[in-house]
1. Taking each residue in B:152-158, count the Cβ atoms of any other chain within 10 Å of its Cβ, then average. What number comes out?
2. Considering only the protein assembly as shown, what is the antiparallel percent among its DSSP beta bridges, to the nearest 5?
3. For B:104-115, what's the mean count of beta carbons from other chains sitting within 10 Å of each residue's beta carbon?
4. Within region C:82-102, which residues have the backbone N less than 13 Å from the label spot 7 Å out from C:Leu118 along Cα→beta-carbon, could you tell me?
5. Put a dot 7 Å past each Cα toward the Cβ at C:Thr42 and C:Ala205; how far apart are the dots in nm?
6. Counting just the Cα atoms, what span does region C:147-215 cover along each of its three principal axes? Round to the nearest Å and put the largest first.
7. Hey, quick one: spin label on A:Ala118, modelled 7 Å out along Cα-Cβ, who in region A:41-82 has an amide N within reach, i.e. under 12 Å?
8. How big is the C-alpha Rg of chain B next to the rule-of-thumb value 2.2 N^0.38 Å, as a ratio?
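Throughout, read-outs are computed from the coordinates displayed, never taken from laboratory work. The shown structure was predicted, so the numbers you read here are calculated from the model rather than taken from an experiment. Glycine also receives a Cβ, built like all others from the backbone with ideal geometry; neighbour counts cover every protein chain displayed.
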Amino acid sequence: MHTKSRLIPILGAVALALVAACGTSSTGGGTTSGGGGLAGCTGSVTVASDLPTSGGDAAIGGGTENGVRAAVLKAQQEKLLGGCTINYIPKNDASVAKGEHDPALGAQNMIALTTNPAVVGVVGPFNSSVAIAEMPIANRAGMLLLSPANTNPGLTIAGSRPDVDTNSLRPTGKVTYYRIIWNDIAQGADDAQISYKELNARKAYIIDDQEAYGKGLADFFEKYFKQDGGTVLKHVALPGTTKDFKAQLTEAKGLGADLLFFGGVAANGSGIIYCQMKDVGLTAKYMSGDGTVDPQFFKDCAGTNGDGAYATSAPDATKTSAGAGFTPLYDASFADSSRVVYSPYGYDAMRIVLNAVKAVLVDNGGKVPTDSASFRSKVIAKVAATKYDGFVGHIEFDQNGDTTNHAFGLYSSKGGQWTQSEVVQAPPV
Amino acid sequence: MSAQPLPVEPESPPEPAVEPLLELRGIDVYYGRVQALRGISLYVGKGEIVALIGSNGAGKTTTLRTISGLVRPARGEVRFEDAPIHQLGAEQIARLGIGHAPEGRRLFSRMTVRENLEMGAFSRRDTRRLREDYERVYTLFPRLRERRGQLAGSLSGGEQQMVAIGRAMMGHPRLMLLDEPSLGLSPILVEAIYQVIREINADGTTVLLIEQNALMALNTARRAYVMETGSIATSGPASELLDSPEVQRAYLGM
Amino acid sequence: MAQKTTDAAAVLPPGRQPRLDALRLRLLPQLTARAFPIILVTALVGMFLRIATTSGGEIAGEQLKNGLQIGAIYALIALGYTMVYGIIELINFAHGDVFTLSAFYAILFGQLFGFFGLNVTTLAPSSAGGLIACLLLLFPITMLAAGITGVLIERVAYRRLRQSPRLAPLITAVGVSFLLEGVMFAKFGAANYPARKDGWVHGTAFTAGGVPVRWNDVLVLSTALGLMFALQAFVRGSRLGKAMRATAQDRDAALLSGININRTIAATFFIGSALAGAGALVYSIYYNSVQWNLGFRYGIIAFTAAVLGGIGNIVGAGLGGFLIGVISVFGSQLLGGEWENSIVFAMLIIVLTFRPVGLLGMRVPDRA
Ligand SMILES: Nc1ncnc2c1ncn2[C@@H]1O[C@H](COP(=O)(O)OP(=O)(O)O)[C@@H](O)[C@H]1O
Ligand SMILES: [Mg+2]
């Protein structure tokens, strides 16, 4: 990523110019183009992102960051802020020590971004555990945090998760955190419904990876699977370093499980579990959430052994009419193989931030506000009022900062790839 | 070091009556900052039994450990068969033919008696003569033949001392260093051990032995050195030292 | 002179043993010494029966097999811990990482053969003969590379500190561990690294009491058992093995016997690391992927196994490995998998409290 970074803007700009010239520019990414009243704008505006772009999360986090970069490139190219320039600071919250996303590093990044008065909004983070570390810092600094991927409901809904104190994440009492993806209450309910109705599962054995995301998803799955009429045989939480799940899978076989649900990310065992199910002769169906829809799954469970698993995730926007234009836009600047489901989410999140910035500049008479604190709070106010048709669909936020759009993709594994078989609307929760 | 005269100038040692096998020249040894040996010079002639006596902490054990290479001298020279050996590693010195029954016996306590003896012969290849040496040890210490399958750690003190001496013999050494072989033994056992030492010596092995309880040593040795706080205080034929009033008062409890 | 009452104390030079009240020291350990193995075996049998009654005998049997299989890997790592601790009283924290590194060696050597036109990825799964040929190539070369790694670590990081206070080499060992993990992280990345040994060893070998035992279980178990007994015979009978035991028991006395200590300690590191290398190879075949930080957890569990068996004792380390494997698997089913690490480390604490010499640690009275 870093070696490419100097070439990318140039290539990207050239490619975008060609695309625009041919008149095939998509509508995705915004309703405005050109500086609209900001031609006289001088100075610069700085936006940032914080995503895990190395280590175990490199593929998924890097692909998301590329989406964010694509939004910045597009806005720069179309002079969204007129005469004002857009600076972009990408931060990486994957630490060498953990080898993946690290809440401590996320907090450190957030301190650096909030103490930089130039920064007016941040896209990120990717992981809910990192969000818990970053949100209070951003909230105290009045900084917008717009996540493309956090799905832990506790981040926005007080009382929804026993292990997350939502109010302490908002020490000022104001909502400064938004996300353009549904939360895991919806995902858990959706996974339970698919498992029960479509996969005809009745007896589930649940494993989670002990992390905020994995445990949260697994807990909601458990709740809704029981509500749907299913039985939960056992729910165990295993550390992400676990490499041998045979003890649990053998137990599941003994209990007669017909579904294995994994709440967790691929780096913590999605593929390993699926392959070891075959080793111990557990013939149950496999269902998981968006953390499993990751190429790492097939590294850990290669070949035909990896076929036949199910997981929900963000719908593949590129297969919808709203998102059809994303792939060429992305491919103009980045290798198509690096594109992930979250790339358009990264794009839309950054575009929402930039649209908000633009609206603030317009309100301010085409000038960059000099007071950093009030600039930040005005950006948040504009984001809260978002009505945006992006690649991932229509986005508005409720009073908690959650999106009102609850579309899921159901994916299945085949031939070393996750393929979306349908887009489902989550049941009301 | 400044050439400060020692408080008690040791008598110049008598001219070697026999060809020296081992010779120490001006050995200084330090443990960290603390000096344990100060200019030790001594020699052991071929075929002799030489005793090194002195009170606790005088530096006797340190002297033997320096000869064996377990401790490095800061200054001075150790010569064995007219070649310097103080630069060699302890295991190389052992292979030159210096057997050492160390202070505290230091047996391999989780090995059998037989294995302990075997370790004493570790560096030897002449398996034919080896058998004779086992025989010799078992003849000198019949107890050890009975106990050869027993773990060394479970033996009595006297038996352990026998294993320690036997193990040192198994290297078929030309020089044996014995560190307080009589410590903690009953008078009868002390007599038996010393009988063996005389027999080993009669077989042609030179012996340098340490004792705190000097009477036995002086009765057995031909010559002796008396150590005090890291240096040689006196030396001479054992019989003369036995008669010396100072030695009698300090080391023989008379 | 203090009484030497524990096995561990027996390797300490005189004057360093704790001078403890003889009565207190003698009574309690003697009671626990007898009771400990009985309690342990009773607990294991009880756990087995509990699983058998709730999930059926076949599941219990499968769990026993799962435990023995993972325990075999722990055992192979534990051997190196116990050997090194036995000889220089160092908890070689880097040992678990030597295991991980060796798993990467096994992968890299497989690729290396590709340069010479030998594609192990396709040859090994093709036929039994192909598999055996690949194993015959990979076992020695992986073990050799692992052994050399161990020797280098000893030479560079530990040898100079041999006379230093105990804490110095311990900290260095932790440092070497981090260094190796850093290198692996940088070279192979953070994610699970595929071993590309799919289908090397597959299929069911036999079914015992309704429990299917697969060929890869057989491979792992027979490697561990075979190497453990070979090592035991080597240490008992060979010249070098005796030198190792002598050095472990009394380094000065070993020197006085003409044993080259440096070479003996290097050989100990070589053998211990080579065994971890064998464990790593079978691991990479069994689990088909490796991750840079694997050694931390496996290392610390294997160390617990070594302590349980009686540190310094080879058969003890093997036994400890198998026991820890079985206990952790049984415990996972009965208490829940989240308790697995807690069970293992509770074990460590119990052993250290009630039976510090471990299961097979001997008590040799030293009547000095
Ligand atoms: N390992 C050691 N470290 C520090 N000092 C030591 C050590 N061994 C012996 N000493 C000191 O060196 C001096 C000589 O000790 P030693 O040679 O054992 O005397 P001896 O054998 O005559 O009783 C004593 O003061 C002793 O305290
Ligand atoms: Mg002494």
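1. Values: counts 3, 11, 4, 4, 2, 4, 0.
Per residue, the number of nearby Cβ atoms from other chains is 4 on average.
2. Beta bridges within the protein assembly as shown, antiparallel portion: roughly 45 percent.
3. Numbers: counts 8, 5, 9, 5, 11, 12, 12, 5, 0, 0, 0, 4.
Mean inter-chain Cβ contacts per residue within 10 Å come to 6.
4. Within reach of a label on C:Leu118, which here means backbone N under 13 Å from a point 7 Å along Cα→Cβ, region C:82-102 contributes nothing.
5. 3.4
6. That works out to 55, 31, 20 Å along the principal axes.
7. A:43-48
8. Details: Rg = 17.8 Å, N = 254, 2.2 N^0.38 = 18.0 Å.
Relative to the rule-of-thumb radius for its length, chain B sits at 0.99.
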